[in-house]
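The values are calculated or read from the model by the stated rules, or taken from the named source; none is laboratory data. The structure presented is a predicted model; accordingly, all values stated were derived computationally and were not measured. All Cβ positions, glycine included, derive from the backbone under ideal geometry; neighbour counts span all protein chains shown.
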């Protein structure tokens, strides 16, 4: 009797078992599509983030002495090797733009407390203005990185190889110190 119940149970569910296999076979390509489409997008965004970090670090490490000696390219490569060799393939990193403008003089005014002008009624009037200046140079840097698409969908939308670029980073580098005006 137990054997008869078992046969009826399996006969009842046998038709639905085939249906679920068919549904899975139909849904599987859609699942693969949904799982692989974001892969190249993630790789692109990860590369963009690492490259932006590298450009930011490189421009922050440059000094005016590098510009005077003409070694700013070497300094950029050293910073990349020291800090980003594990995250980026350094032979694929290209310096798109690295230039320094000639130094400019910046005039400004600063204020110093003067006991000669002390007045408890007029706090702002107790400060003496003094002219001063300093010199700085503007440095710009942009990096790029070439990647290959990993999936068919990435190749379709991005191309077999695509380039990831950072924005142009700028920084003012202090050249010459404070000089009273």
Residue that is part of a strand (DSSP E or B), surrounded by 11 or more Cβ atoms within 10 Å (Cβ to Cβ), in contact with a strand residue (DSSP E or B) (Cβ under 6 Å, 6 or more places away or on another chain) and at pLDDT 90 or above, where the choices are 142, 135: 142
Residue within the stretch 71-78 that is under 37 Å from the mean Cα position of the chain (by Cα) and assigned to a loop (DSSP other than H, G, I, E, B) present: yes
Among the residues of the stretch 83-105, count how many are exposed (fewer than 12 other Cβ atoms within 10 Å of the Cβ) and more than 17 Å from the chain's Cα centre (by Cα). 4
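Results for (1) more than 28 Å from residue 77 (Cβ to Cβ); (2) in contact with a helix residue (DSSP H, G or I) (Cβ under 7 Å, 6 or more places away or on another chain); (3) modelled with pLDDT of 80 or more, shown as yes or no for each residue.
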residue	(1), (2), (3)
4	yes, no, no
21	yes, no, yes
57	no, yes, yes
67	no, no, yes
Would you check which residues across the stretch 137-165 are within 30 Å of residue 105 (Cβ to Cβ) and in contact with a helix residue (DSSP H, G or I) (Cβ under 9 Å, 6 or more places away or on another chain) and list them? 137, 139, 140, 141, 142
Taking residue 121 and the conditions (1) outside any loop (DSSP other than H, G, I, E, B); (2) exposed (fewer than 11 other Cβ atoms within 10 Å of the Cβ); (3) at pLDDT below 85; (4) more than 37 Å from the chain's Cα centre (by Cα), which numbered condition does it fall short on, given that it satisfies the others? (1)
Tell me, please, whether a residue that is out of contact with any helix residue (DSSP H, G or I) (no Cβ under 6 Å at 6 or more places or on another chain) and in contact (Cβ under 8 Å) with a residue 60 or more places away in the chain can be found in the stretch 80-99. yes
Hits in the stretch 151-162 - residues which are within 28 Å of residue 57 (Cβ to Cβ) and surrounded by fewer than 14 Cβ atoms within 10 Å (Cβ to Cβ): 161
With the condition kept exactly as written, say whether any residue in the stretch 115-122 is in contact with a helix residue (DSSP H, G or I) (Cβ under 6 Å, 6 or more places away or on another chain) and either on the phi > 0 side of the Ramachandran plot or touching a residue at least 40 places away in the same chain (Cβ under 8 Å) (or both). no
